[in-house]
1. Check off (1) in a loop (DSSP other than H, G, I, E, B); (2) hydroxyl-bearing (Ser, Thr, Tyr); (3) modelled with pLDDT of 80 or more for residue 52 and give me the number that stays unchecked.
2. State all residues of segment 147-168 that are closer than 15 Å to residue 79 by Cβ, in a helix (DSSP H, G or I) and free of Cβ contacts under 8 Å to residues at least 60 places away in the same chain; if no residue qualifies, say none.
3. Taking the residues in segment 62-85 that are buried (at least 21 other Cβ atoms within 10 Å of the Cβ) and of a type outside the set (A, V, I, L, M) as candidates, determine which candidate is nearest to residue 130 (Cα to Cα).
4. How many residues does segment 10-61 contain that are under 21 Å from residue 83 (Cβ atoms), open to solvent by 80 Å² or more (accessible area, probe 1.4 Å), touching a helix residue (DSSP H, G or I) at 6+ places or on another chain (Cβ under 7 Å) and not charged (D, E, K, R)?
5. Residue by residue through segment 1-17, note down the ones that are part of a helix (DSSP H, G or I) and within 25 Å of residue 139 (Cα to Cα).
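The values are calculated or read from the model by the stated rules, or taken from the named source; none is laboratory data. Worth saying up front: this structure is predicted, and the values here are computed from it rather than measured. Methodologically, a virtual Cβ is constructed for each residue, glycine included, from the backbone with ideal geometry; neighbour enumeration extends over all protein chains shown. SASA here: full protein model, heavy atoms, side chains in, ligands and nucleic acids out. Shrake-Rupley method; radii C 1.70, N 1.55, O 1.52, S 1.80 Å.
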Amino acid sequence: MQRTLVERAARGDAAAFEDLVGLASPRLFGIAQRILRDHHLAEDVLQGTLITIWDELPRLRDPERFDAWTYRLVVRASVTASRRERRGGGVVQLLPDDADTSRAPDQYRVIADRDQLDRAFQTLKPDQRAVLVLQHYAGLTLVEVADVLGIPVGTAASRTHYATRAMRATIEADERTIDPRERSA
């Protein structure tokens with residue numbers, strides 16, 4: 001079915017393109033947001049990517065490669081935007097009130113762990129974030145990630161290795177700075 005939509009949209013069928021956008025936008029936005037760590041910038045990147053898809057779709061040779069092609073476009077746009085913005089600022093997230101007794105203490109630990117992972121993820125280079133997002137969010141294999149990014153499999157593996165190592169080092173450094181009394185709280 002998607003192949004038919006891609007072929008119709010490539011011929012200029014706006015309704016088919018609208019259906020494709022409805023199918024592809026959530027995952028493309030998810031990839032952009034996870035790479036950029038900024039909701040509004042991810043929306044801008046998604047809009048630009050959708051325009052590029054519309055403009056370039058007639059030149060897509062293999063409709064079966066539509067998903068990989070769109071991943072490549074959104075990742076490239078996200079990495080470019082990240083480098084252009086050079087933002088290191090964190091995103092403020094509202095957490096539940098400490099007085100809220102309806103949550104179990106384990107849920108607070110989950111929030112703390114997620115926050116720690118997010119801080120470590122923000123320290124990565126955009127290229128490293130892209131590899132991890134494609135693997136862990138989009139569920140692509142290392143070979144598929146390399147194909148989407150247009151890099152050798154060894155480079156994708158290397159980026160994954162160094163990204164994981166950098167995140168682990170950031171988390172370990174973060175844990176060393178936490179007062180042991182705070183961990184047990």
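1. Exception for residue 52: condition (1).
2. Correct list: 155, 156, 159, 163.
3. If we take residues in segment 62-85 being buried (at least 21 other Cβ atoms within 10 Å of the Cβ) and of a type outside the set (A, V, I, L, M), then 78 is nearest to residue 130 (Cα to Cα).
4. 1
5. 2, 3, 4, 5, 6, 17
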